Amino acid sequence: MSARDEILGRVRAALADVSPAVSVPTPPRAPDRGDLVALFVERVEDYRAVVTRCSAEEVLAVVTGVLDGLPGGARAVVPPDLGLDLPGAVVDAQFTAAELDGFDAVVTRAAVGIAETGTIVLDHQPDQGRRAISLVPDLHVCLVDASQVVADVPDAIELLDPARPLTWISGPSATSDIELDRVEGVHGPRTLHVVLIS
Amino acid sequence: MTGTFVGMPAFPTAAREALGDTQLRTNLAHATRTIRDKRAMVVAEVEDWEELRVAGAAVKEAALRDLATHLETLEESLVRAGATVHWAGDAAEACAIVASITHAHGVDEVVKVKSMATAEIGLNEALEAEGIAAWETDLAELIVQLGDDLPSHILVPAIHRNRAEIREIFLRRMGDVGRPAPADLTDEPAVLAGAAREHLREKFLRAKVAISGANFAVADTGTLVVVESEGNGRMCLTLPEVLISVVGIEKVVATWSDLDPMMRLLPRSSTGERMNPYTSTWSGVTPGDGPQEVHVVLLDNGRTRALADDVGRQALRCIRCSACLNVCPVYERVGGHAYGSVYPGPIGAILNPLLRGVSDEQSASLPYASSLCGACFEVCPVRIDIPSVLVDQRAAVVDSHRDDRVPKAEALAMRATAWAFSDSRRLAWAERASGLAGRVLTRFSRTTLPGGRAAAGRLPGPAAGWTGARDLPAPPEESFRAWWDRTDGGTKGDGS
């Protein structure tokens, strides 16, 4: 008998006298928190991420300013459909991990923002690029439109497509592994700069 | 490379040793207090936390009670999404599958995301025996691996180490296995994290094969979920060409929307955050993005044994948050090593005997590693009634000794009690003997309990096992029945 059939056989034997019926209650929703975008900004900042709010017309200037602010100016990689003509930015050409390591920054859009938890979700569509590009560079500039912000986790899960790879990002890379003291900056981008467009 | 739990002594022996380590107790008390406070703060923010726990428990319970169906659905969905599914009955089978895939790609190293399942099956040691180096990339796992140490906590395996010890381990060992730590390394957590970043980056960038576990496996979509903080998980799940995920069969949830209560419960219970820094989800292979060869090893290794236990089955709901460790008065004092398993603390005290049985002395000692205070049940995000399972597992331990040729002292005492209690004359005789012992003790004992009652501090012979850790209160000089006879239920004399 294959390991598969053996395991499934043992599972069925273990549950022979057990009723499979369990009613799963709908999980409760958080109460109305008012201004979702303000809550989102507050919660993202709580993770020690940087948030800049601006209008659609100001985005280019804001992002350029962030990149120029890096010492020596930043070499930035961008996804194919960022929809922002950033001077000097290089469009991802299926770079290897080692090549991506040569970039200082990445600029992407996002799929969803979650106000309650201050989370940004990328579903890696062409305006966000492959997972690797938003991971290897040390600065991630993420453009979130105010209309993309939802209240809580269940709202995001409803909107997201599980067939796509998803990356949920809540602040910069961090660890609590040393004396359970949170410090920011391990393997992922050490700086997360969220540009909130409204 | 990493130590092994094989051959660990039973809990009481290991606990006594740990209690003597004052540095360990200081490190643990500091760390568990920090995380308890953080958890309490973010849990208090959620107004309907109790309802959320009920929903989370129900999601996992529903998946477990129809597990065969969900596993078949998961397999179908994974295959449809381009993954290869393997089934492993035990640790040896799982390790052999992983080694054979790795060999097929002609590599001698893999990078690893922190995974309890792979720690449970001893994958690193098995791969090492096959000539494959497995690099742990989670900071705490790295500390444990470099220190040739054992994990002592589910979430933070190096919780027993303080910053000065970690600095010393990094300086001494990093150079042996890759990029050395900078000579001017300080013990600032941020600096230590920076050293780990530099050390591991070259390994991430060159790795061809990565190994992960999964926090959840969604049956209807074939989605695996990895919840992490540092980005080492994203590195392993994204950059290599081949990804092998070892997933316990109890990780299944039925549907995509079932992730909702889980993703709200886990980070708050675990690291005490509204949300962990990074969560990755993937369903098989995404062309042009991430590993193009994806394997999933579905692991039993005792889970079906636990599933067959009507009381213990609920332990399989566990989402490995470690909230129960952080609140446990026993764990806080003895630390994780004393439990002799990668699963320490209250959940380990039930999970290990459920997965392995209680035929060995070490597993049989674990259900007793608790004061039954119930704090673990209160914080458990999926409402595992750990105290009830502990009591039930104690019964299993007793049952396993029923046919012993030489009965244990406890069994003899129970038999003698049953004999005495089954006949009123025998009971009266036993009560007189007990009253006499009470008078003797009250007169001669040098131990008194708070309140002034005399007690036996340390008894000889078979009773030493009981009095080794407790004082035995002196029995009352007169039994209730003797008092009733003498006073006719308190109506004769002055009633006292």
Q: Name the single residue, out of those in region B:110-141 being acidic (Asp, Glu) and closer than 24 Å to B:VAL225 by Cα, that is farthest from the other protein chains (Cβ to nearest Cβ).
A: B:GLU120
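Conditions (1) charged (D, E, K, R); (2) at pLDDT below 95; (3) crowded, with 24+ Cβ neighbours inside 10 Å; (4) under 20 Å from the mean Cα position of the chain (by Cα), marked per residue:
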position: B:THR118; (1), (2), (3), (4): no, no, yes, yes
position: B:GLU125; (1), (2), (3), (4): yes, no, no, no
position: B:GLU128; (1), (2), (3), (4): yes, no, no, no
position: B:ILE132; (1), (2), (3), (4): no, no, no, no
position: B:THR137; (1), (2), (3), (4): no, no, yes, no
position: B:ASP148; (1), (2), (3), (4): yes, yes, no, no
position: B:SER152; (1), (2), (3), (4): no, yes, yes, yes
position: B:HIS160; (1), (2), (3), (4): no, yes, yes, yes
**Q.** B:GLN292 vs. criteria of a type outside the set (Val, Ile, Thr), out of contact with any Lys or Arg (no Cβ under 9 Å at 6 or more places or on another chain) and either farther than 21 Å from A:ALA30 by Cα or not assigned by TED's automatic domain parsing to the domain that holds B:ARG53 (or both)
**A.** yes
Q. Somewhere in region B:361-371, is a residue in contact with a Pro (Cβ under 8 Å, 6 or more places away or on another chain) and of a type in the set (A, V, I, L, M)?
A. yes
Q: Tell me which residues, restricted to region B:455-486, are in contact with a helix residue (DSSP H, G or I) (Cβ under 7 Å, 6 or more places away or on another chain), modelled with pLDDT of 80 or more and charged (D, E, K, R).
A: B:GLU477, B:GLU478, B:ARG481
Q | The lone exception for B:ASN301 - which of (1) facing another protein chain (nearest Cβ under 9 Å); (2) at positive phi; (3) surrounded by fewer than 24 Cβ atoms within 10 Å (Cβ to Cβ) it fails | A | (1)
Q. Between residues in region B:339-355 that are over 22 Å from B:ALA308 (Cα atoms) and residues that are modelled with pLDDT of 95 or more and among the hydroxyl-bearing types (Ser, Thr, Tyr), which pairs lie under 6 Å by C-beta distance while being six or more apart or on different chains?
A. B:GLY345/B:TYR331
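Identify, from the list B:VAL144, B:VAL107, B:VAL85, the residue that is touching a Lys or Arg at 6+ places or on another chain (Cβ under 9 Å), within 13 Å of another protein chain (Cβ to nearest Cβ), farther than 29 Å from B:THR22 by Cα and hydrophobic (A, V, I, L, M, F, W, C).
The unique qualifying residue is B:VAL85.
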(Q) Quick check on my filter: what residues within region B:170-194 are part of a helix (DSSP H, G or I) and surrounded by 22 or more Cβ atoms within 10 Å (Cβ to Cβ)? (A) B:PHE170, B:LEU192, B:ALA193
Q. Could you give every pair whose Cβ atoms fall below 9 Å, whose first residue belongs to region A:53-80 and is under 13 Å from A:THR108 (Cα atoms), and whose second residue is part of a helix (DSSP H, G or I) and small (Gly, Ala, Ser), counting only separations of at least 6 or pairs across chains?
A. A:PRO79/A:SER134
**Q.** For A:VAL121: the one exception among (1) modelled with pLDDT under 95; (2) crowded, with 21+ Cβ neighbours inside 10 Å; (3) under 22 Å from A:GLU42 (Cα atoms)
**A.** (1)
Q.
If I ask for residues that are among the aliphatic types (A, V, I, L, M) and farther than 25 Å from B:GLU72 by Cα, which ones from region B:236-291 would you list?
A. B:LEU239, B:LEU265, B:LEU266, B:MET275
(Q) Just the residues that are more than 8 Å from every other protein chain (Cβ to nearest Cβ) and under 24 Å from the mean Cα position of the chain (by Cα), please, taken from region B:215-243. (A) B:ASN215, B:PHE216, B:ALA217, B:LEU224, B:VAL225, B:VAL226, B:VAL227, B:GLU228, B:GLY233
**Q.** Candidates B:ALA210, B:ALA193, filtered to the one that is over 15 Å from B:MET116 (Cβ atoms) and facing chain A (nearest Cβ under 9 Å)
**A.** B:ALA193
Q) Which of the residues spanning region B:266-279 are at the interface with another protein chain (Cβ under 7 Å from one of its Cβ atoms), in contact (Cβ under 8 Å) with a residue 24 or more places away in the chain and either closer than 20 Å to B:ALA55 by Cβ or surrounded by fewer than 24 Cβ atoms within 10 Å (Cβ to Cβ) (or both)? A) B:ARG274, B:ASN276, B:THR279
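Can you tell me which residue is surrounded by the fewest Cβ atoms within 10 Å (Cβ to Cβ) among those in region B:91-116 that are among the charged types (D, E, K, R) and in contact with a Gly (Cβ under 8 Å, 6 or more places away or on another chain)?
Of everything passing the filter in region B:91-116, B:ASP108 is surrounded by the fewest Cβ atoms within 10 Å (Cβ to Cβ).
Just to check your reading of the model, which residue among B:PRO387, B:PRO353, B:PRO346, B:PRO381 is surrounded by fewer than 24 Cβ atoms within 10 Å (Cβ to Cβ) and of a type outside the set (D, E, K, R)?
Details: B:PRO353 fails: surrounded by fewer than 24 Cβ atoms within 10 Å (Cβ to Cβ); B:PRO346 fails: surrounded by fewer than 24 Cβ atoms within 10 Å (Cβ to Cβ); B:PRO381 fails: surrounded by fewer than 24 Cβ atoms within 10 Å (Cβ to Cβ).
From the options B:PRO387, B:PRO353, B:PRO346, B:PRO381, the qualifying one is B:PRO387.
The values are calculated or read from the model by the stated rules, or taken from the named source; none is laboratory data. Every value quoted in this text rests on a predicted model; they were computed, and no experiment measured them. Because the Cβ atoms are built from the backbone with ideal geometry, glycine has one as well, and the counts that use them run over all protein chains shown.
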